[in-house]
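Engineer: Supplied in C-alpha cells, the structure appears directly below.
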Amino acid sequence: IAAGDMVRVITPRGQAEAKARITEKVKPGMVFMPFHYHGTNILTSEHIDPVAKIPEYKMAACRIETMA
C-alpha cells in the first residue's frame, strides 16, 4: 500500500473505503482512522467498557485491501 492508494478497510462488522496516508506517527502493522465519524465507528466492536459503559471506538482488528 502506498500513499494515495484507495483502500478498503474490512472488519467483522463491515467495510469502508479510504485514501491511504503513510506517516511515521503510526507504527508499521497499525491503522488509524478518525473515530469521530459514523462510517468509522460502524467498523468497531459493539462491546462496551463494563465500568464506564463507553463503546470501544478506539480499537478494532481489521484487514486492508487495495482497490486497484
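Engineer: Which whole-number percentage describes the relative contact order of the chain, with Cα contacts under 8 Å and a sequence gap of 6 or more?
Structural biologist: Once divided by the residue count of the chain, the mean separation gives 39 percent.
Engineer: Spin-label point model (7 Å from Cα, Cβ direction): what's the K19 to H47 distance in nm?
Structural biologist: 3.5
Engineer: Of the peptides 40-48, 18-26, 60-68, how do they stack up when ordered by the mean number of other Cβ atoms within 10 Å, highest first?
Structural biologist: Taking the mean over residues of other Cβ atoms within 10 Å, the ranking is 40-48, 60-68, 18-26.
Engineer: Give me Rg/Rg_expected for the chain, where Rg uses Cα atoms only and Rg_expected = 2.2 N^0.38 Å with N residues.
Structural biologist: 1.18
Engineer: Still on this model: As a check on your grasp of the helix formula, calculate [θ] at 222 nm for the chain: sum -39500 (n - 2.57) over DSSP H runs of n ≥ 4, divide by the residue count, round to the nearest 500.
Structural biologist: -1000 deg cm²/dmol
Engineer: How big is the charge dipole of the stretch 1-61 about its Cα centre, in debye rounded to the nearest 20, if each Lys and Arg gets +1 on its Cβ and each Asp and Glu gets -1 on its Cβ?
Structural biologist: 100
Engineer: Place +1 on the Cβ of every Lys and Arg and -1 on the Cβ of every Asp and Glu in the stretch 5-66, take the dipole about the Cα centre, and give the residue among I10, P28, H47 whose Cα lies farthest towards its positive end.
Structural biologist: The listed residue farthest towards the positive side: P28.
Values in this text are rule-based calculations from the coordinates and carry no lab data. All values reported here derive from a predicted model rather than from experimental measurement. Note that we place each Cβ from the backbone using ideal geometry, even for glycine, and neighbour counts take in every protein chain shown.
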